[in-house]
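A short reminder: the numbers here are calculations on the coordinates, not readings from a lab. Keep in mind it's a predicted model, so treat the numbers as computed, not measured. With ideal geometry, Cβ positions are generated from the backbone for all residues, glycine too; neighbour counts draw on all protein chains shown.
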Amino acid sequence: MPLVAVIPNPNAAVEMREIVSPTLELNSALLEVELSEVCGTDVYLQQGRLEGVPYPLIPGHVSVGHLRKIRGEMLDVDGRTFKEGDRVTFLDVHRTCNACWYCLVARASTRCPHRKVYGITYGLADGLCGGWSQEIYLKPGTRCIRLDATPEQFMAGGCALPTALHAVERAEVKIGDVVLVLGSGPVGINAIIMAWMSGASRVLCIGAPQARLDSALKAGAAAVLNIETTDEQQRLSWVLEQTSGRGADVTIEATGAPVAVAQAMRFTRDAGRVVIVGQYTDHGPMPESAAFNPHLDLNKKHLDVRGCWGSDFSHFYRAAQIVSEPARSGPWSTMQLARYDLSQANEALEDVAAGRVLKALIDPRGVAA
Ligand SMILES: [Zn+2]
Ligand SMILES: [Zn+2]
């Protein structure tokens, strides 16, 4: 009987439970979890701030492990069969229908109304569908990716890497661009790495606290500014100083603070691009005093502002390839990882909420069943 960590209700502490292992359906598998993670989304799940979440649930949307049992056949995108014992990760998004208007006409599969996400919109009633568990049930149709990287190497990017990769793809960074990243959490740090790899000449980062800005510098940021010791005007002056008075060519907002969206627009040069990826949870509208001015901040600037929601298989696949490539994986090896076992999930949530750790990992191997 695998041990799991469960959020029973919004605002309730995480509990340990024992769950019966499922009977495998045809073309499904059981994953023995090596590592899962705690990200900002899990903090909001615990606080009940996401819509459409079926409590109780086992959190943990991105995980790595070994395929312990396979029933039937599971294939990778190259048509090769997975074998028991293979180390894999899997796309947390399941049941994208490839039949609805968003999938087929808009070609925006992250807006497919049928998609379910392991650890977020699959609850305990759906089975072992989260990574804070010794085992995950990979339902038929789950897209697995063979992993050559170590679990630590892949999880250093974790769910933030495909998210950041998607944002940088939306940003269409051109060779030589100056890219500004707002936010120095996991998505911000991964956006710095991705922007750099996409050909940015310099990547700037505005965030906090100082420890995370140090991580931003290690990840490749050319210059950083602490949000705790500056006001908006000082931040704008700093960006202008760094960009010959024009503003960033591209700004990626990864903060979670509504007010940062207006600032992202103001810190970007005329005819530049802004990608908003940090508002995955609803934090409400911008405060009246800081709301953007449609004439000054958008129309007159001839600005291109794009939202970026979730990620699809392509982002996940590319993330797995890039961290597995020794010539490319360097930036993730510098990332500081904090490790917790299943019984320490509440502590992990508190540390992530307080920004005390950059990347919190759940290692369910530490606790005996
Ligand atoms: Zn669809
Ligand atoms: Zn996440």
First obtain the Kirkwood hydrodynamic radius of the stretch 63-127 from its Cα pairs, then insert it into the Stokes-Einstein equation at 25 °C and 0.890 mPa s, and state the resulting D in µm² per second as a whole number.
177
Report Rg (one decimal) and Dmax (nearest whole number) for the stretch 1-157, counting Cα atoms only, units Å.
15.4, 44
For a test of the definition: using alpha carbon positions, the gyration tensor, and the 1.5 limit on a/c, classify the stretch 96-149 as rounded, prolate or oblate.
oblate
Taking CYS129, CYS39 and counting other beta carbon atoms within 10 angstrom, the fewest-first order is CYS39, CYS129
The chain: calculated mean residue ellipticity at 222 nm from DSSP helix runs of at least 4, using -39500 (n - 2.57):
-7000 deg cm²/dmol
Out of GLN344, ALA211, TRP196, whose Cα points farthest toward the positive end of the dipole of the chain (charges: +1 Lys, Arg; -1 Asp, Glu; placed on Cβ)?
TRP196
Which loop-located GluC sites (Glu not before Pro) does the stretch 3-74 contain, where loop means any DSSP state but H, G, I, E or B and the Cβ has at most 10 other Cβ atoms within 10 Å?
GLU51, GLU73
If you wrap a convex hull around the alpha carbons of the stretch 1-82, what volume per residue comes out, as a whole number of Å³?
126
About its Cα centre, how strong a charge dipole does the chain have in debye, to the nearest 20, once Lys and Arg get +1 and Asp and Glu get -1 at the Cβ?
820
P(r) weight above 26 Å for the chain, C-alpha pairs, percent:
50
Hull shadow area, averaged, the stretch 231-369 [alpha-carbon convex hull, nm²]:
12.1
Stokes-Einstein D for the stretch 214-255, Kirkwood Rh over Cα pairs, 10 °C, 1.306 mPa s (µm²/s):
139
Going down the table (LYS83/LYS116; LYS116/LYS359; LYS139/LYS359; LYS69/LYS116; LYS301/LYS359; LYS174/LYS218), which pairs top 29 Å between alpha carbons?
LYS301/LYS359
Checking SER311, SER133, SER237 against a Gaussian network model of the chain (alpha-carbon springs below 10 Å), the top fluctuating residue turns out to be SER237
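On alpha carbon coordinates alone, what is the Rg over Rh value for the stretch 8-52, Rh being the Kirkwood radius?
Looking at the stretch 8-52, the ratio lands at 1.06.
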The chain: relative contact order in percent, alpha carbon pairs under 8 Å with at least 6 residues between:
19
Rounded to the nearest Å, what's the spacing between the alpha carbon centres of the stretch 292-369 and the stretch 1-61? Just the number, please.
18
Total formal charge among the other residues, if their Cβ is under 12 angstrom from that of PRO209, Lys/Arg +1 and Asp/Glu -1
0
